[in-house]
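Values quoted throughout were computed directly from the atomic coordinates according to the rules given, and no laboratory measurement underlies them. Predicted model only: the values in this text are computed from it and were never measured. Every residue, glycine among them, receives a Cβ derived from its backbone with ideal geometry; neighbour counts consider all protein chains shown.
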Amino acid sequence: MGRKWDEIRVGQEIGTWKHVITENEIITLNEAVEDTNPWYLKDAGGANSIAPPMLIADDYLHIAVNAGFELSYCFHTRTEQKFLRLIKIGNCISSTSRIVDKYEKRDREYIVIETLSKDEENNLVAKSKNTLVRVL
């Protein structure tokens with residue numbers, strides 16, 4: 001996973017990813033997944049338009065790559081997502097990830113990354129757990 005297996009510690013915080021939700025991000029995601037829900041369109045609510053929750057679902061990947069994890073040889077095997085609050089255009093989201101489990105099964109190495117995403121007022125907006133397995 002880019003780092004030596006023995007260097008990965010359960011409980012280890014691996015980093016934070018911050019970004020401001022933009023209208024462009026929403027448009028790009030919606031076009032990619034062909035989502036035409038009017039809640040996500042500027043005309044529906046102007047600056048108060050909500051963002052699709054999946055917009056922050058992969059923040060853990062940005063964090064892991066920035067922390068030196070080599071994900072080219074990893075498969076995503078499981079995810080748990082909880083979206084707790086609406087995200088709107090202009091919100092600054094701060095996602096922090098940590099290792100919550102690591103184990104070996106059938107001669108493969110697995111890690112579980114938990115990510116907590118908060119808005120600029122420190123409200124928890126999403127929580128996720130993602131399991132990755134190294135295949136080489």
Can you compute the helix-only [θ] at 222 nm over the chain? Use -39500 (n - 2.57) per DSSP H run of at least 4 residues, normalise by all residues, nearest 500 deg cm²/dmol. -4500 deg cm²/dmol
For the residue pair Met54 and Gln81, what label-to-label distance in nm results when each label sits 7 Å from Cα along the Cα-to-beta-carbon direction? 0.7
Which of Thr22, Thr77, Thr115 moves the most in a Gaussian network model of the chain with Cα springs under 10 Å? Thr77
Charged-residue dipole, Cβ positions (Lys, Arg, Asp, Glu), the chain about Cα centre, Debye nearest 20: 520
Please give the helix 23-33 orientation as an angle from the longest Cα principal axis of the chain, in degrees from 0 to 90, rounded to the nearest 10. 70
